[in-house]
1. Mind checking the dipole of the chain: about its Cα centre, +1 per Lys or Arg Cβ, -1 per Asp or Glu Cβ, Debye to the nearest 20?
2. Please work out how much length the chain gains when fully extended from V65 to E7, using 0.36 nm per residue of separation minus the C-alpha to C-alpha distance, in nm with one decimal.
3. Near P11, within a Cβ-to-Cβ distance under 13 Å, what is the net charge of the other residues, with Lys and Arg +1 and Asp and Glu -1?
4. So which GluC sites (Glu not before Pro) in the stretch 1-109 pass both tests, a DSSP loop state and at most 11 other Cβ atoms within 10 Å of the Cβ?
5. Where does the charge balance sit around G21 when Lys and Arg score +1, Asp and Glu -1, over other residues with C-beta under 10 Å from its C-beta?
6. So what's the net charge close to I122: Lys and Arg +1, Asp and Glu -1, counting the other residues with Cβ under 13 Å from its Cβ?
7. Estimate the FRET efficiency between V44 and S103 by the formula 1/(1 + (r/R0)^6), using the beta-carbon distance for r and 41 Å for R0, to the nearest 0.05.
8. List the residues, sorted by chain then number, that are 5 or more residues from I178 or on another chain and whose placed amide H is less than 5 Å from its amide H.
Amino acid sequence: MALTNFEGLNPMHFDVLTEIGNIGSGNAAAALSDMTQQHIKIRVPEVSVLKFNEVMQFFGSAEKVAAGLLVNLTQDMDGMILYLFGDDFVNETLKAFFGESTSDLLMLDDMQKSALLEIGNIMAASYVNALSQMTSFFIDISVPSLAVDMAGALLSVPIIEFANISESVLLINDSFIINNKEVDSHMILLPTVESLNKLFTNLGVEI
């Protein structure tokens with residue numbers, strides 16, 4: 001029976017998504033290491049299904065300021081990816097790029113925003129490439145858009161877009177070790193249910 005929402009995912013589905021996330025995160029860490037000339041390591045990502053309000057609680061609170069980076073997926077998989085980057089992740093990645101961090105996400109300058117866009121683009125492309133390698137899907141990603149706002153405001157975009165599809169999202173939590181400090185990147189994956197069914201069918205995973 002086909003999936004009708006994210007709540008129908010079973011442990012085997014999570015294993016597949018974790019493996020895809022592991023490959024994507026590894027590719028992202030390697031690309032970021034090349035760009036920064038620093039060794040960046042990762043831990044095995046954690047994949048979970050959370051309701052929108054639980055994502056905000058997981059991140060800290062709806063009022064916590066974050067950098068949000070959004071890309072849309074089209075072609076063989078439709079949906080979107082939203083990254084939520086907190087202070088620690090932004091500070092450590094900017095330090096790796098420029099040798100200095102920022103004290104206030106709301107005060108990022110154009111160069112810092114450009115660097116975050118490039119980082120987000122690399123991470124999204126790495127994940128999508130992992131999906132493509134495992135499925136032979138052709139997946140196109142849009143030019144990423146960046147916004148700095150409260151987490152609740154950033155999450156309003158996928159809530160409005162996908163409220164009629166599901167009340168829950170796939171949260172892939174990556175831990176990167178940068179400058180000997182472990183920081184988290186929160187990736188919210190929102191494929192359409194049709195795309196999710198297509199993914200597991202292609203991989204021979206029972207749905």
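No value in this document is a laboratory result; all are computed from the given coordinates. All values reported here derive from a predicted model rather than from experimental measurement. Every residue, glycine among them, receives a Cβ derived from its backbone with ideal geometry; neighbour counts consider all protein chains shown.
1. For this selection, approximately 220 debye.
2. Residue separation times 0.36 nm, minus the Cα-Cα distance, leaves 18.0 nm.
3. Around P11, the surrounding residues sum to -3.
4. E63, E100
5. With Lys, Arg at +1 and Asp, Glu at -1, the net is -3.
6. The answer is -3.
7. The value I calculate is 0.80.
8. V183
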